[in-house]
Amino acid sequence: MMASSAPRTTPLRCGVSPSAFQWFLIGIFAVAVAVLLSPYSDACELPPPFEGMEPTTTPKPYYEVGEKLQYKCKKGYLYLLPYLTIATCERNHSWTPITDDGCLKHQCNFLYNPPYGQVHYITGGFSWGNKVLFTCHEGYYLIGNATLNCELKDDDAFWDSNPPRCEKILCAPPPKIKNGTHTFTDIEVFKYREAVVYSCDRIPGPDQFSLVGKSMLYCAGHGVWSSAAPECKVVKCPFPVVENGKQVSGFAKKFSYNATVMFECNKGYYFFNDSDIATCDSNSTWHPWLPRCLKVPPPPSKELPSFHSVPTPPSTKPPISTVSGYPNPREGLFDQELDAWIIALIIIIAIVAVAVMCLFLYRFFENRKKGLQSKEGSNVAEGANFHKGTSQQSVH
């Protein structure tokens, strides 16, 4: 017998490969885990925090479907709608109802408008944490704190101070002044915007008192007048004299408070950074100081050097000032240039008129010459015809 020498072969197994089998086992494990965790598949997470509510129990990571979560109001809040403080986990992973309206902030007492005033809710309400502002109508002033804050105290809300009130604005009589008086001296209390007028006493002699300051004052606030009281004093400024200039307005024998004068400089002189107007102030001095009139210096030479001397005609234009504050000496030059244009225009019109007249005379004499030539031709023709007719008669 011969022994078989054919090699032994391992029969192939029909089915999944080893790697596929491993994935199969992993899938079975995942399904098992999912089954074990099935109670949390429809679970709800912890609801978001609320401003006025907090859970009554320790929060959990997940809540089962149908499980309820009880809330309570925080400090400073009170129950408004108790049924809104209980939340239920639904199958769609949400809570119902989910709202912060179950609790309401404690509120301070409602504040009404005071007589002759108004209250403004700055932050929109009167619960704790808000503030209000009080104002009074015109002619009234506020007594008390203008701003009130609603604060939380012992789980309740209170205003931090009492509401203010509005009272009429009144003023005591205005100050008395030396050497003067004011109207309504018999009134002891002045109401809002009531006014008085001050005046100075008359004294013998040429120099009288001047009222320095505002003559009219009015009650602008409680015990406050619109400005300080004026004063009566003798104000006398020296006679205004300007070198190289003259006064053109405000003439007087004496110059008291607020007297105003105006000046101009002599020909060839100009103001040097000064005003042409001065006013007598309360210190018996001119304000601003009296102006100064200075002569305009000649302009610097701008000619370029040259090898040949070229005579230049004298300039007819006025010099241009280079001193700060001088008026431009070219003022009035426009009128001179305008006169030159008018003269040039008249010359042009005269030339055109002469040319037109010459042309007219030329055409006149030409036409006359042609007329004479035409007349002479006619006479010659008539003479020839006459001579011809005479010759014919002689032949016959």
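Throughout, read-outs are computed from the coordinates displayed, never taken from laboratory work. The shown structure was predicted, so the numbers you read here are calculated from the model rather than taken from an experiment. Virtual Cβ from ideal backbone geometry, glycine too; neighbours counted across all protein chains shown.
Remark: the stretch 245-295 carries a charge dipole of roughly 240 debye about the Cα centre, counting +1 on each Lys and Arg Cβ and -1 on each Asp and Glu Cβ. Residues H137, H182, H222, ranked from the fewest to the most other C-beta atoms within 10 Å, line up as H137, H222, H182.
All C-alpha pair distances within the stretch 245-295, sorted into 10 Å bins from zero, spread as 29, 50, 20, 1 percent across the bins. Once you reduce the stretch 125-185 and the stretch 209-238 to the center of their Cα atoms, the two points are 29 Å from each other. For the stretch 37-159, the square roots a ≥ b ≥ c of the C-alpha gyration tensor eigenvalues yield an a/c of 1.5 or more together with a/b exceeding b/c, which makes the shape prolate.
A simple spin-label model places pseudo-atoms 7 Å from Cα toward Cβ; at M216 and L104 they are separated by 5.6 nm.
Close amide H partners of S127, meaning residues 5 or more places away or on another chain with modelled amide H under 5 Å apart, are C108. Extension gain, S256 to S275, is 4.9 nm, computed as 0.36 nm per intervening residue step minus the present C-alpha separation.
For F365 and L345, a Förster radius of 41 Å and the Cβ-Cβ distance give a FRET efficiency of 0.85, rounded to the nearest 0.05.
As a proxy for reagent exposure, W128, W341 were ordered by neighbouring Cβ count within 10 angstrom, fewest first; the result is W341, W128. Length gained on full extension, K236 to K176: 19.2 nm, using 0.36 nm per residue less the C-alpha separation.
Here the contact order of the stretch 117-167, divided by its residue count and restricted to Cα pairs under 8 Å and six or more residues apart, works out to 33 percent. Placing +1 on each Lys and Arg Cβ and -1 on each Asp and Glu Cβ, with no other charges, gives the stretch 102-231 a dipole about its Cα centre of roughly 260 debye. Rounded to two decimals, the Cα radius of gyration of the stretch 40-105 over 2.2 N^0.38 Å is 1.09.
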